[in-house]
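K.L.:
Structure incoming, see below.
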Amino acid sequence: IVCKLQSSGLLRSQAFIGGKWTDAYDGKTVKVFNPATGDLITEVPCMGTKETNDAISSAYDAFRAWSKLTAAERSRILRKWYDLLMAHKEDLAQLITLEQGKPLKDSTGEVAYGASYIEYYAEEGKRAYGDIIPAPLPDRRLFILKQPVGVVGAITPWNFPLAMITRKVGPALACGCTIVVKPSEFTPLAALAAAELSVRAGIPPGVLNVIMGDAPAIGEALLASTQVRQITFTGSTAVGKKLMAGSAPTVKKVSLELGGNAPCIVFDDADVDVAVKGALAAKFRNTGQTCVCANRIFVQEGIYEKFADAFTKGVQKLKIGEGFGEGVVLGPLINDAALHKVETFVEDAISKGAKVLLGGKRHSLGRTFYEPSVIANVTGEMSLAREEIFGPVAALLPFKTEEEVIQRANDTNAGLAAYVFTENMQRSWRVTEALEYGIVGVNEGLVNTEVAPFGGVKQSGLGREGSKYGMEEYMEMKYVCLGNL
Ligand code: ADP
């Protein structure tokens, strides 16, 4: 596979600055491993302050011409990039499975999902409408112009190596911004392949730059620069807070997609089959490694046994293995630290009285594979319920009343996604409105789409990605007053 990807030109081992494939100035590299096998895939440059500053300069220089193109001109180029991403769906999917570990079918899904943001914003860029405001005086006319913010710094995580990038790059480029992207050092290869395809699509040098290496140094350089007008980040809440604080001295715009602690609430009046299917999808997508994964599955007493039984049977059927294996739906965890965290959480729950219905230990496949697990009788004191699990472990928490479960569901600093399963329409509205979350899935466990706004409230983030709202993040409004008419 590696050879094939190399010959297609999509396996790149250099960073991309100002339209040039570039090594770190001191020649340092970071190794990229396949998490399923531990095999070395390639090495990429380990860059720092100097390279970041050069990438920022390239983006700054490119901004002038890129922002001056008409929306239709940018749209045509982005559409071509989308077509190329889709034309290379298989290769890109293989690359994602190699570096991230997810099953090939999911990687293929990620390519389509990731590319959809480029397609969507290629279209949406043409609709960056301003406003005309009725003037308070007869000799005046008031206008609102929408203009691109300028150079954007984007920092992205490893769980969706392609989609987390296109979600930011799509809207930024569509409205005329230029961008410096720093993907996760665990998974830089999909980003580099996308950059290669951007060249073939005709995206001009400097408009899209991809660098990686020393994350804190790159982050600091992006924050320190007065040319970078916006920081967009997806990742942990801790790093998000640092970036927000670091944006203060230069007063940058900030968009953050941070951690979640999604409640998935199954009421007595739910359709059990729908709830089981939805909870399985919401919990086990990407082996539990998404920020919208159902972290706390609250189940009402009357349906608890029945749900737990059907859900556990569903989990038993999930095939785990190397992402390229036939029929595999769950992959490894990204690294040892992730495995250790999941292990510690489960041990903590057991020591506090939780009951293992399935799994509860490392998988015999070794490495970073963890058994698909169901842990029952979880309480709010356990780490499983307090923190993001980010692994294939489902935590079941019994509850009695609607009022109680709303209070418990909201008892967290996170506020990204929530799921509700009920056949009662009044209840579905009541609960949806009471949940302090940015996204609610009602009788549905998979809610992501480029046409809807994704984002959280409370400490889960700022701003939205996707939909028409996602482009607002990358635009400033300018009020123009035309007087003395
Ligand atoms: P995760 O748990 O998803 O890996 P992180 O927040 O650690 O979350 O990582 C998300 C992204 O943030 C990655 O690209 C990572 O390299 C980057 N990152 C980590 N620490 C810093 C930092 N101090 N400054 C800037 N970026 C950082």
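Any read-out appearing in this document is the output of simple, stated calculations on the displayed coordinates, not a laboratory observation. Everything numeric in this text was worked out from a predicted model, so none of it was measured. Note that each Cβ is placed from the backbone with ideal geometry, even for glycine, and that neighbours are counted across all protein chains shown.
K.L.:
With a bin width of 20 angstrom, please list the P(r) values of the chain as percents of all Cα-Cα pairs, from the 0 bin to the one holding the largest distance.
P.N.:
Once binned at 20 Å, the Cα pair distances of the chain give 24, 53, 21, 1.
K.L.:
Something else: If you scale each eigenvalue of the Cα gyration tensor by 5 and take the root, what three semi-axes come out for the range 140-290, rounded to whole angstrom and sorted largest first?
P.N.:
Details: eigenvalues 205, 81, 64 Å².
They are 32, 20, 18 Å, listed largest first.
K.L.:
Then there's this: How many nm separate the modelled label positions at Glu343 and Lys89, each set 7 Å beyond the Cα in the direction of the Cβ?
P.N.:
3.9
K.L.:
Per DSSP H run of n ≥ 4, the term is -39500 (n - 2.57); total these for the chain, divide by its residue number, and report the mean residue ellipticity at 222 nm rounded to 500 deg cm²/dmol. Can you show the working numbers first?
P.N.:
On the way: 16 runs with 195 residues, N = 485.
The helix contribution divided over the chain gives -12500 deg cm²/dmol.
K.L.:
Using Cα centres only, tell me the gap between the range 223-242 and the range 431-471 in whole Å.
P.N.:
Here the answer is 21 Å between Cα centres.
K.L.:
Right, here's the next one. Among the trypsin sites (Lys or Arg not before Pro) in the range 347-441, which ones are in a DSSP loop with at most 14 other Cβ atoms within 10 Å of the Cβ? Mind listing them? Can you show the working numbers first?
P.N.:
Values: sites: Lys352, Lys355, Lys361, Arg362, Arg367, Arg386, Lys400, Arg408, Arg427, Arg430; in loops: Lys352, Lys361, Arg367, Lys400.
Sites meeting the loop and neighbour criteria: Lys352, Lys361, Lys400.
K.L.:
Per 0.36 nm of contour for each residue apart, how much would the distance between Lys352 and Arg127 grow if the chain were fully extended, relative to their Cα-Cα spacing? Each step should come with its number before you reach the end.
P.N.:
On the way: separation 225, 0.36 × 225 = 81.00 nm, distance 5.45 nm.
Gain in length upon complete extension: 75.6 nm.
K.L.:
Per 0.36 nm of contour for each residue apart, how much would the distance between Val480 and Ser7 grow if the chain were fully extended, relative to their Cα-Cα spacing?
P.N.:
Numbers: separation 473, 0.36 × 473 = 170.28 nm, distance 5.27 nm.
Answer, rounded to one decimal: 165.0 nm.
K.L.:
Of all the stretches in the chain, which is the longest one without any exposed loop site, taking GluC sites (Glu not before Pro) in a DSSP loop (any state but H, G, I, E, B) with at most 12 other Cβ atoms within 10 Å?
P.N.:
Details: sites that count: Glu326, Glu381.
So the longest stretch without any such site is 1-325.
K.L.:
Okay, moving on. Which length gain, in nm to one decimal place, applies between Glu423 and Lys28 when the Cα-Cα distance is subtracted from 0.36 nm times their residue separation? Mind dumping the intermediate values first?
P.N.:
Working: separation 395, 0.36 × 395 = 142.20 nm, distance 5.75 nm.
The span from Glu423 to Lys28 would gain 136.4 nm if fully extended.
K.L.:
Taking the Cα-to-Cβ direction at Glu403 and at Glu73 and moving 7 Å from each Cα, how far apart do the two end points lie in nm?
P.N.:
About 6.3 nm, to one decimal.
K.L.:
Given the pairs Lys252/Lys468; Lys68/Lys105; Lys241/Lys319; Lys89/Lys319; Lys306/Lys458, which are separated by over 28 angstrom at their Cα positions? Spell out each step's value before the answer.
P.N.:
Numbers: Lys252/Lys468 22 Å; Lys68/Lys105 40 Å; Lys241/Lys319 37 Å; Lys89/Lys319 24 Å; Lys306/Lys458 34 Å.
Going by Cα-Cα distance, Lys68/Lys105; Lys241/Lys319; Lys306/Lys458 fall outside the 28 Å limit.
K.L.:
If you fit an axis through the alpha-carbon atoms of helix 71-87 and take the longest principal axis of the Cα set of the chain, what angle between them do you get, 0 to 90°, nearest 10?
P.N.:
Value to nearest ten degrees: 40.
K.L.:
Give me D for the range 291-417 in µm² s⁻¹, whole number, from Stokes-Einstein with Rh from the Kirkwood sum over alpha-carbon pairs, 10 °C and 1.306 mPa s. All intermediate terms of the calculation are to be shown ahead of the outcome.
P.N.:
Details: Rh = 15.2 Å.
Stokes-Einstein gives a translational diffusion coefficient of 104 µm²/s.
K.L.:
Would you list, by chain and number, the aspartates and glutamates whose Cα falls below 14 Å from the Cα of Lys31, excluding same-chain residues fewer than 8 positions away?
P.N.:
Of all the aspartates and glutamates, those that pass the test against Lys31 - Cα under 14 Å, at least 8 places apart if same chain - are Asp23, Asp39, Glu43, Glu99, Glu185, Asp214.
K.L.:
May I ask you to work out the translational diffusion coefficient for the range 327-485 at 25 °C, viscosity 0.890 mPa s, via Stokes-Einstein with Rh from the Kirkwood sum over Cα pairs, reported in whole µm²/s? Intermediate values should be presented prior to the final figure.
P.N.:
On the way: Rh = 18.5 Å.
It diffuses with D of about 132 µm²/s by this estimate.
K.L.:
Return one number: the angle in degrees, 0 to 90 and rounded to the nearest 10, between the long axis of the Cα atoms of helix 104-124 and the longest principal axis of the Cα atoms of the chain.
P.N.:
It is inclined by approximately 40 degrees.
K.L.:
Ranking Cys3, Cys175 by Cβ neighbours within 10 Å, fewest first, what do you get? Could the numbers behind the result be given before it?
P.N.:
Numbers: Cys3 8, Cys175 23.
Going from sparsest to densest Cβ surroundings: Cys3, Cys175.
K.L.:
Report, to the nearest 10°, how far helix 237-246 tilts away from the longest principal axis of the Cα atoms in the chain, using its own Cα long axis and a range of 0 to 90°.
P.N.:
Relative to the chain, helix 237-246 is tipped by roughly 30 degrees.
K.L.:
If you don't mind, another one. Counting alpha carbon pairs within less than 8 Å and at least 6 residues apart, what relative contact order, in whole percent, applies to the range 340-379?
P.N.:
Working: 48 pairs, mean separation 16.2, N = 40.
In percent, rounded to a whole number, it is 40.
K.L.:
For the chain, what relative contact order do you get, as a whole percent, if you take Cα pairs closer than 8 Å and at least 6 residues apart?
P.N.:
Details: 1152 pairs, mean separation 86.1, N = 485.
Relative CO of the chain lands at 18 percent.
K.L.:
Could I get the Rg over Rh figure for the range 44-127? Both from C-alpha atoms, Rh via Kirkwood, rounded to two places. Write out the running numbers ahead of the final one.
P.N.:
Working: Rg = 16.2 Å, Rh = 15.0 Å.
Taking Rh as the inverse mean 1/r over Cα pairs, Rg/Rh reads 1.08.
K.L.:
Run the simple label-point estimate for Arg64 and Val251 please: 7 Å along Cα→C-beta, distance reported in nm.
P.N.:
2.6
K.L.:
Hey, another quick one. Please work out the Cα center distance from the range 258-300 to the range 350-402, rounded to the nearest Å.
P.N.:
13
K.L.:
Further question on the same structure: By a straight-distance test (C-alpha under 20 Å), which lysines pair with Lys28 as possible cross-link partners, with residues fewer than eight away in the same chain excluded?
P.N.:
Lys20, Lys50, Lys182
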